[in-house]
1. To the nearest 10 Å², what's Ser175's accessible area with a 1.4 Å probe?
2. Using only the Cα atoms of region 60-213, build the gyration tensor, take square roots of its eigenvalues as a ≥ b ≥ c, and label the shape rounded, prolate or oblate: rounded if a/c is under 1.5, else prolate if a/b is larger than b/c, else oblate.
3. Go from 0 up to the bin containing the longest alpha carbon distance in the chain, width 5 Å each, and give me the % of pairs per bin.
4. For helix 65-96, report the angle its Cα long axis makes with the longest principal axis of the Cα atoms of the chain; keep it between 0 and 90° and round to the nearest 10°.
5. Kindly provide the Kirkwood hydrodynamic radius of region 27-87 in Å, to one decimal, from all pairs of distinct alpha carbon atoms.
6. For q values of 0.16, 0.21, 0.23, 0.24 Å⁻¹, compute log₁₀ I(q)/I(0) with the Debye formula on a Cα-only model of region 164-261, without solvent.
7. Using square roots of five times the C-alpha gyration tensor eigenvalues, list the equivalent-ellipsoid semi-axes of region 95-183 in whole Å, biggest first.
8. Taking θ = phi - 60°, what integer Hz values does the Karplus form 6.51 cos²θ - 1.76 cosθ + 1.60 yield along region 218-224, in sequence order, with x for Gly and Pro?
Amino acid sequence: MKSGFTKGFTYLLLSLGAVLMLLPFIWMLLTSIKPSYEVMKMPPVWIPSEFKWDNYVEAFEKAPFATYLFNSIVVTVLSTLGELITTILAAYAFSKLKFFGKDILFSVLMATMMIPGEVLLIPNFVTLSNLGWLDRFEALIIPWTASIFSIFLLRQFFLSIPDELHSAARVDGCSNWRFLWEIMVPLAKPALITIILLKAIGSWNAFLWPLIVTNSEHMRTLPVGLTAFTTEAGTNYELLMAASAMIILPMIILFIILQKYIIQGVARAGIKG
């Protein structure tokens, strides 16, 4: 009886937490189809008196979202691909190869995770400025083609693969390069999909960095493009919410499709330290 009550209370708390987490998203969707006079009405109006689906069309036409969409796709795909390559190579080196100072180097890399990202904004900006990369795809992509967290996650997954498998492959004449791509990478599919998903979401939603390193409209990404709905005269919240809904929809679909791999990847990564 007590166990059933505890389980029911736990489910109740989880359900309340889920509702609270979903409320902002529900409010965004409802606001995106409200007429302008109901957006800031007090007390707040949850269900609009009329559904203004034209808000989505107007939001798309308000700014060059086709350009923003193209830029976001390019940045997301290339930065994710770059991080995937550097993560696989680094994680394999730190998990299966032996070289002088490996543990010290890995500890130093892990320590850099304690540095707030905001601290690195100015040094990175100055570096890119000296290279002449500002307002170019290089500034949006290259600084984000490596991630210490992703290296750590994949390294832990690689460590769960027995060393005997590596030794047996070497005895059979398999090179490190072939062993990595033909054996390790296929086995690490859940962890790799987790890394891809987290990176894709982060790149797609990035706002501060693209805002800093881009000046022209043709280099803006989707999150930065949302500023088009804020002017000196005020903010068109219904259009802003409509544009925001369109932007996050691809990531929601991607997450729903691949969410099971996140659980598998994180769970397997903690098997061996």
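1. Rounded to the nearest 10, the figure is 60 Å².
2. Values: a/c = 2.67, a/b = 1.80, b/c = 1.49.
Here region 60-213 falls in the prolate category.
3. So the P(r) values, bin by bin, are 1, 5, 9, 12, 13, 12, 12, 11, 9, 7, 4, 2, 1, 0, 0.
4. 20 degrees
5. Values: mean 1/r = 0.0697 Å⁻¹.
After inverting the pairwise mean of 1/r, the radius is 14.3 Å.
6. So the normalised log intensities work out to -0.81, -1.06, -1.15, -1.19.
7. In descending order the semi-axes read 35, 17, 11 Å.
8. Here the 3J(HN,Hα) series is 6, 10, 5, 9, 4, x, 5 Hz.
The values are calculated or read from the model by the stated rules, or taken from the named source; none is laboratory data. Bear in mind that the values here come from a model prediction, so they are computed numbers and not experimental data. Backbone-built Cβ (ideal geometry, glycine too); neighbour counts: all protein chains shown. Only protein heavy atoms, including side chains, enter the accessible area calculation; ligands, DNA and RNA are left aside. Shrake-Rupley method; radii C 1.70, N 1.55, O 1.52, S 1.80 Å.
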